[in-house]
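Notes follow once the structure below has been shown.
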Amino acid sequence: MPMTLVIANKAYSSWSLRPWILMRHFNIAFDEIVIPLGREESRAEILLHSPSGKCPALRDGGVSVWESLAIIEYLAERHPDCAIWPREKAARAQARSLAAEMHSGFVGLRAHLPMNMRRPVRRFELTPEAAADVARLEQAFAQARKEFGDGGTFLFGDFCAADAMFAPVVNRLHVYDVAVTPPTRAYMDAMMALPAWLAWSADAAAEEWIIEKYERA
Ligand SMILES: N[C@@H](CCC(=O)N[C@@H](CS)C(=O)NCC(=O)O)C(=O)O
């Protein structure tokens, strides 16, 4: 029986995008349940699948996992055949550090520039906190690419869990037309050309739900 991934709106749910793009990219079979946020019944519906009341959540038979990063670790254990984390120890350590940094940080960017897959590209002034986050992102991307990126176009060469964690950031940098260096732009373009990215974007474009608070920026 395939696993079930419970996610929120594809237009807005950055945390949902992370495990989804990873599973799709690695051809890991799953069914999905989309629970649109912002309705009276949203929380009760999510709680049926996720004890935290937040998406994403993964169900694998009797196993239940929530929190995006825990889901990614579960997938890596379940599919040792897929290079979900880089195979090489030093690369893997850095990839895990970056994934954890993304999971717990970049609050200025996340709060100021919500992910919005349908937003037309339009410049939006950054707060100092968001600008500092962008500077750190670019530094982190450049370091990973320099040390470990030789074999491909992603942070550690081939697409891996660290890239999945940064996928929503790529949307933010793109749609808010953030000024970035050419290597960061090349990384963004590689991400946005992935079949899994295009599939998520198409589904997001087809969604009818609009949540005003994510449309203000
Ligand atoms: N730390 C969680 C964050 C999950 C999260 O905040 N999900 C949002 C959607 S992007 C959510 O479910 N919000 C529902 C709510 O807060 O009521 C993770 O990494 O999975």
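Would you say GLY149 is in contact with an Asp or Glu (Cβ under 6 Å, 6 or more places away or on another chain), surrounded by fewer than 23 Cβ atoms within 10 Å (Cβ to Cβ) and modelled with pLDDT of 95 or more? No; evaluated as a whole, the condition is false for this residue.
Residue count for the stretch 66-75 satisfying the condition of being more than 7 Å from the ligand (Cβ to nearest atom) and either buried (at least 21 other Cβ atoms within 10 Å of the Cβ) or not assigned by TED's automatic domain parsing to the domain that holds SER16 (or both): 3. How about the stretch 118-135: which of its residues are within 18 Å of VAL170 (Cβ to Cβ), touching a residue at least 24 places away in the same chain (Cβ under 8 Å) and out of contact with any Gly (no Cβ under 6 Å at 6 or more places or on another chain)? Within the stretch 118-135, ARG118, ARG119, PRO120, VAL121, ARG122, ARG123, PHE124, LEU126, VAL134 meet the criteria. For ALA132, the conditions (1) more than 21 Å from ILE21 (Cα to Cα); (2) of a type outside the set (Phe, Trp, Tyr); (3) within 16 Å of the ligand (Cβ to nearest atom) all hold with the exception of (3). If you check GLY53, GLY62, GLY38 for being more than 24 Å from PHE159 (Cα to Cα), surrounded by fewer than 16 Cβ atoms within 10 Å (Cβ to Cβ) and more than 10 Å from the ligand (Cβ to nearest atom), only one passes: GLY62.
When you check VAL121 against the structure, is it modelled with pLDDT of 95 or more, surrounded by fewer than 14 Cβ atoms within 10 Å (Cβ to Cβ) and touching a helix residue (DSSP H, G or I) at 6+ places or on another chain (Cβ under 7 Å), yes or no? Against the criterion (modelled with pLDDT of 95 or more, surrounded by fewer than 14 Cβ atoms within 10 Å (Cβ to Cβ) and touching a helix residue (DSSP H, G or I) at 6+ places or on another chain (Cβ under 7 Å)), VAL121 qualifies.
Name the residue that is surrounded by the most Cβ atoms within 10 Å (Cβ to Cβ), counting only residues in the stretch 76-105 that are in a loop (DSSP other than H, G, I, E, B) and of a type in the set (A, V, I, L, M, F, W, C). Break it down stepwise before answering.
Going residue by residue through the stretch 76-105, those that are in a loop (DSSP other than H, G, I, E, B) are 79-88, 105.
Right, trim to of a type in the set (A, V, I, L, M, F, W, C) and you get 82-85.
Values: CYS82: 17, ALA83: 18, ILE84: 25, TRP85: 19.
So, considering only residues that are in a loop (DSSP other than H, G, I, E, B) and of a type in the set (A, V, I, L, M, F, W, C), the one surrounded by the most Cβ atoms within 10 Å (Cβ to Cβ) is ILE84.
Of the residues making up the stretch 1-33, those that are away from the ligand (no atom under 12 Å from the Cβ), within 21 Å of PRO51 (Cβ to Cβ) and β-branched (Val, Ile, Thr) number 2.
Sub-7 Å Cβ pairs linking a first residue in the stretch 22-48 that is more than 23 Å from ASN116 (Cα to Cα) to a second residue that is of a type outside the set (S, T, N, Q) and within 10 Å of the ligand (Cβ to nearest atom), at least 6 apart or interchain, are LEU47/GLY53, ordered by first then second residue.
Selection of the stretch 106-115 for residues being in a helix (DSSP H, G or I), surrounded by 15 or more Cβ atoms within 10 Å (Cβ to Cβ) and aliphatic (A, V, I, L, M) yields only LEU109.
The values are calculated or read from the model by the stated rules, or taken from the named source; none is laboratory data. Treat the numbers as computed from the prediction; the structure is a model and nothing was measured. Every residue, glycine among them, receives a Cβ derived from its backbone with ideal geometry; neighbour counts consider all protein chains shown.
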